[in-house]
Amino acid sequence: MAATAGGGDGDAWEICNDHGFVYKRRRVVEQDDDEDDAAAAAPSSTPAPPPEAALRRRRCQALLRLRAKYLNELSRWESLSSDILAPLPAAPAAPPRPPSDPVAASPPPGSSSSDLDVVDGLLVQSEVTEQLLKRLSQACEEINEFCRAHEAALVDAVAELPVWGDPRELMNSLCSPADQPVPGTD
């Protein structure tokens, strides 16, 4: 992943491509000491997996986490939609009330029982509409709460970036140990 560039031995640079992030750094001087190679090889008894396999495994795990997240979100949306689309309970039929006032209970002259049936039907329809609107407003509140939580998570993720911290710490994390200035020599 690194290509060499530069002039002499003391000024050797290499260009590194780290998953799409391209940068230039000083070339690390490799020691040809056989003792150092033997000492470095002794502690690691198991060979490291090839970088492609590790990258593939990491990518697969990230995709599985993303899939689980999307499935969870889909199940939440399905439950919300099923709550909205569920049939409303039928309005209980009101038992006929005995007239307490015979004059007030009698239909006005000129109106028929079909008019009263239409009014009762419209009343039931308005109650069903009221229940539907309550469900929709409840679903909207849940969706708004979900959006607020998602927005808060995004704001927290951006606020935790190292760019917002101490500039010296940021520079130290970006520089290699050889390039870091010694404190007090500025």
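Figures for the structure shown
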quantity	calculated
From the options ALA159, ALA149, residue that is outside the structural domain of GLU73 (by TED's automatic domain parsing) and modelled with pLDDT under 85	ALA159
Region 121-149 residues that are of a type outside the set (Asp, Glu), paired with ones that are not in a helix (DSSP H, G or I) (beta carbon under 6 Å, 6 or more apart)	VAL124/ALA91; VAL128/LEU88; GLN131/LEU88
Meets criteria (under 30 Å from ALA139 (Cα atoms), modelled with pLDDT under 65, surrounded by fewer than 10 Cβ atoms within 10 Å (Cβ to Cβ) and not hydroxyl-bearing (Ser, Thr, Tyr)) for ALA90	yes
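The values are calculated or read from the model by the stated rules, or taken from the named source; none is laboratory data. Please read all numbers here as calculations on a predicted model, not as lab measurements. When we count neighbours, we look across all protein chains shown, and the Cβ atoms used for this are built from the backbone with ideal geometry, even at glycine.
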